[in-house]
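Structure record follows, encoded as structure tokens.
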Amino acid sequence: MNAVPSPDAGTVLRVRELCVRFTTEDGTVSAVDQVDLDVGAGEIVALVGESGCGKSVTAMSLAGLLPPTADVQGSIRLRETELRGAPERALRRLRGSDITYVFQEPMTSLNPVLTVGRQVSEVLEVHQRLRRSAARRRAVELLALVGIPSPERRIHEYPHQLSGGMRQRVVIAMAVACDPKLLVADEPTTALDVTVQAGILDVLRDLRDRLGTAVLLITHDLGVVADVCDRVVVMYAGRVVEQAPVHELFARPRHHYTSALLGAIPTGRGTGTSGGRRLREIPGLVPVLSDPPDRCTFADRCPRADELCRTSQPPLSGTPGHLVACWHPADQNPPEATR
């Protein structure tokens, strides 16, 4: 496995042995199990995997946004500040200033009865103690920063008067208003068409380059990952199974699940007998985490699973939270995606 980068002065987020469990009527659900994760300053790190793999739970746990039923263990450090177990008052000061979020659907993040200018200004008034007039001027600058045309006019408009792409840009403007150390973007482009999606990704990349913000990008779209990210962390069934620099992971995936994800990417060269390779699906579903199998959790879906996979749980590597590569020493080469 590729080791997690060593913590240094450039590490903004450092997560170690993160476990999140929920108590339900059906028993205890281990949504996140022994996850390690680093994000450096000015780095865009992708967190990928199917729905139900624990990506959003991991992201929500960073700033204490999970419900009281969640039992969170491990260490979550933002620079030198330990976030796990921090008092709610301290977390409120950090949310919106040092760590910010951009969610998938901007209409659920914006207040429909307030103008977008008022909503961006409020962030500045609360966290930077700006007067209303100064906050309004800064709001105009922020809307211009994220590429909204005529920001002086747009600040007087309500969310329903803007397109989906414009609303998402407003949410990003709110997220970067206080120059956060870490921006968590949870599927920020899923609800947008391809052209608008490209514009939003350009905004994130530009903000990273201009402000040096660390970005944790949660996405299902590996095309987006290849376009904007520096490093990829792959999750499956609540665990990190592989992480690597983007080009290395795409060229030489080491875990069968990573290979399967890459094999499901449309190539644009046609499918089936019409030309190009056939799009490969991953059969089956992510296992139910209230009763995880006592063996490799991917074995039932993996075409290369052998008897060892079906009867034992893969051990963790030297760094807690990372499974050893899902291939055996007898293999001449690790599994690779069909390109």
| task | Divide, for region 164-238, the radius of gyration over alpha carbons by 2.2 N^0.38 Å, where N is the residue count. | result | 1.08
| message | Suppose the chain between A198 and S75 were pulled fully straight at 0.36 nm per residue; how much longer would it get relative to their current alpha carbon spacing? | response | 40.8 nm
| query | In 10 Å bins starting at 0, how do the alpha-carbon pair distances of region 108-177 split up by percent? | reply | 24, 61, 15, 0
| said: Run the simple label-point estimate for E248 and S163 please: 7 Å along Cα→C-beta, distance reported in nm. | reply: 3.9 nm
| What length, rounded to one decimal in nm, is gained on full extension from L114 through to T28, with 0.36 nm per residue of separation minus their alpha-carbon distance? | 26.9 nm
| request: Compute the length gained on full extension between D294 and E281: take 0.36 nm times their separation in residues and subtract their Cα-Cα distance, giving the result in nm to one decimal. | output: 2.2 nm
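Give the shape of region 169-209 as rounded, prolate or oblate, defined through the alpha-carbon gyration tensor: a ≥ b ≥ c are the square roots of its eigenvalues, a/c under 1.5 means rounded, and otherwise the shape is prolate if a/b is larger than b/c and oblate if not.
prolate
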| query | How far is it, in nm, from the label point at A144 to the one at D209 when both lie 7 Å from their Cα along the line to the Cβ? | reply | 2.0 nm
| remark: On the formula 1/(1 + (r/R0)^6), with r taken between the Cβ atoms of A134 and D179 and R0 of 22 Å, the FRET efficiency rounded to 0.05 is 0.90
| query | Which far-off residues, 5 or more places away or on another chain, put their amide H under 5 Å from the one on V102, with H placed in the peptide plane? | reply | V184, A185, D186
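In the neighborhood of V45, defined by Cβ-to-Cβ distances under 9 Å, what is the net charge if each Lys or Arg adds +1 and each Asp or Glu adds -1?
Value of the local net charge: -2.
Bear in mind these aren't lab numbers, they're just calculated from the coordinates by the rules spelled out. Bear in mind the structure is a predicted one, so any value in this text is a computation, not a measurement. Virtual Cβ from ideal backbone geometry, glycine too; neighbours counted across all protein chains shown.
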